[in-house]
Structures are given as C-alpha cells and as structure tokens.
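So the structure is just underneath, and the comments pick up after that.
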Amino acid sequence: MPLKKAWEPLERATVGKVPDRYGVYELGDGDGNVLAVDHGPLRDSLKEALAYGDGEEVRWQTTQNREEAERLAEDHRDRL
C-alpha cells in the first residue's frame, strides 16, 4: 500500500520542512507514479534526491528508528 501522505513537490521548501528523523519516502514522477521507495534520515536523503533530480514529487512517513524504517521500506517495495 502507498504511503498515506499526499504528494508534495520535491523542492527546497518541501525538503526544508521535512523532519530530521528516520523514515520512509517515496519519490514520484509528477503523475502520481512511484519511481522509488527508500529509507534513511529524511532531510538528508531528500536533499540528495533533490540535488540529483530523482523525482518531481515526494511523500514520507517518519519512524521511531532505522530498523522500523527498513522494515516499512521493504513492505512498500514489495508492492512495486
């Protein structure tokens, strides 16, 4: 199942408001199609995705720790 959060544009303003916590994120193509699912420290990971132009949209979910983020990312990758 996709993350429940609505898509937001992958731009500096969005990345600036992302919590500095571990989590899972999805990168989208602008039409709502998921291009990638990954996990890590959200702000740092999304700064990198923005710099490399890895997607047009993003949505994320914070987690309590790295292990939870890894499990959740794996669950989301299974559906792709």
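The values are calculated or read from the model by the stated rules, or taken from the named source; none is laboratory data. Note that this is a predicted model, so its numbers are computed, not measured. For neighbour counting, all protein chains shown are included, and Cβ atoms are generated from backbone atoms with ideal geometry for every residue, glycine included.
Assorted remarks:
- Within the stretch 21-61, being surrounded by fewer than 15 Cβ atoms within 10 Å (Cβ to Cβ), touching a residue at least 24 places away in the same chain (Cβ under 8 Å) and either at positive phi or in contact with a helix residue (DSSP H, G or I) (Cβ under 8 Å, 6 or more places away or on another chain) (or both) holds for Arg21, Gly30, Gly32.
- Here is the figure for the stretch 1-18: residues that are in contact with a Leu (Cβ under 6 Å, 6 or more places away or on another chain) and part of a loop (DSSP other than H, G, I, E, B) total 2.
- The set of residues from the stretch 65-74 being out of contact with any strand residue (DSSP E or B) (no Cβ under 7 Å at 6 or more places or on another chain) and either β-branched (Val, Ile, Thr) or in contact (Cβ under 8 Å) with a residue 12 or more places away in the chain (or both) comprises just one member, Glu68.
- Residues in the stretch 62-80 that are of a type in the set (A, V, I, L, M, F, W, C) and surrounded by 13 or more Cβ atoms within 10 Å (Cβ to Cβ) were compared, and the one that is farthest from Arg12 (Cα to Cα) is Leu72.
Conditions tested, residue by residue: (1) at pLDDT below 95; (2) under 17 Å from Lys17 (Cβ atoms); (3) of a type outside the set (Gly, Ala, Ser); (4) over 12 Å from the mean Cα position of the chain (by Cα).
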| residue | (1), (2), (3), (4) |
| --- | --- |
| Gly53 | no, no, no, yes |
| Val58 | no, yes, yes, no |
| Glu68 | no, no, yes, yes |
| Arg71 | no, no, yes, yes |
